[in-house]
């Protein structure tokens, strides 16, 4: 069988050991090895010692496989499905990929030109053809990553990032404001890590959670962690969800997060890029890392909360 894995990661791309990938995706190490050796679904990089190292593209592929299995597909069918990926609106996989690439390039071009009308047109067209959850996963998340890379490599500017950030915050904020108030699921308290001002990822997670019946209280950007336990008690929340994209301060993960976990009456979760780059520190603190992919992260959060609920009554 032809491997469906992506090409080997570039030397400057972050890679993760199998134990980290297992916890981020919820797939145990034995299964990951089987998907590699028996089914050719993934092909991680190998060190001279034989240890496997997985790229972000590998993690994304694993999450996609999990999604197909959750929908009832047998593992033997997954490879075929990933190659031919059930035609959507009469289009083959390559065509669909081209559509999202077109949307992405169009929105990046609009950001570079500070063209709000262009952003509005492309975003509106995507929403007219696909549900918001798909647009969020296929367009908005990759676009945020692309703009972040432009800023990090100095090919873009802070002004571009702020321009699009304001545009997207208005769109997501409007959806959040008009959310249904009838949800009766667990109540989540969401905030960004200290010094983190990028809250759009947290907003997208909140909207996905609301769509699954959760309740969500949003505190937003740059939130001091020491205030969260009191907020939890007053709001009667069932969990804290922290979000981070930019590298946090050493104190945030090394001191503030362990202190929060010790004083929090509910589980603490960390999502976004920080949950991958700071995975070990998050685990040492006693918190749970959700990864940078919203759907698998939400699934992991749900499973952990369900287990916590069962343990309280044992």
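The values are calculated or read from the model by the stated rules, or taken from the named source; none is laboratory data. Bear in mind the structure is a predicted one, so any value in this text is a computation, not a measurement. No Cβ is skipped: glycine too gets one built from the backbone with ideal geometry, and neighbour counts run over all protein chains shown.
Observations
- Among residues of region 189-204 that are free of Cβ contacts under 8 Å to residues at least 60 places away in the same chain and in the same structural domain as residue 246 (by TED's automatic domain parsing), those with a Cβ under 7 angstrom from a residue that is crowded, with 23+ Cβ neighbours inside 10 Å and assigned to a helix (DSSP H, G or I), sequence gap 6+ or separate chain, pair up as 190/202; 190/206; 192/202.
- Scanning region 213-228 for residues that are crowded, with 19+ Cβ neighbours inside 10 Å and either outside any strand (DSSP E or B) or not assigned by TED's automatic domain parsing to the domain that holds residue 289 (or both) gives 214, 223, 225, 228.
Per-residue answers, yes or no, for (1) surrounded by 22 or more Cβ atoms within 10 Å (Cβ to Cβ); (2) in contact with a strand residue (DSSP E or B) (Cβ under 7 Å, 6 or more places away or on another chain); (3) in the same structural domain as residue 185 (by TED's automatic domain parsing); (4) more than 11 Å from residue 193 (Cα to Cα):
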residue	(1), (2), (3), (4)
230	no, no, yes, yes
235	no, yes, yes, yes
241	yes, yes, yes, no
253	yes, no, yes, no
259	no, no, yes, yes
263	no, no, yes, yes
284	no, no, yes, yes
300	no, yes, yes, yes
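- Here region 194-212 is the region considered, the condition is being under 23 Å from residue 248 (Cβ atoms) and over 15 Å from the mean Cα position of the chain (by Cα), and the residue that is surrounded by the most Cβ atoms within 10 Å (Cβ to Cβ) is 196.
- Here residue 67 meets each of (1) touching a residue at least 12 places away in the same chain (Cβ under 8 Å); (2) surrounded by fewer than 16 Cβ atoms within 10 Å (Cβ to Cβ); (3) over 20 Å from residue 299 (Cβ atoms) with one exception, condition (3).
- Single match in 160, 146 (criterion: in contact with a helix residue (DSSP H, G or I) (Cβ under 8 Å, 6 or more places away or on another chain) and modelled with pLDDT under 85): 146
- Among residues of region 109-121, those that are at negative phi and surrounded by fewer than 20 Cβ atoms within 10 Å (Cβ to Cβ), counted: 9
- Segments classed as helices (runs of 4 or more DSSP H), wholly inside region 236-314, with at least 2 members that are over 19 Å from the mean Cα position of the chain (by Cα): 257-263, 279-285, 294-312
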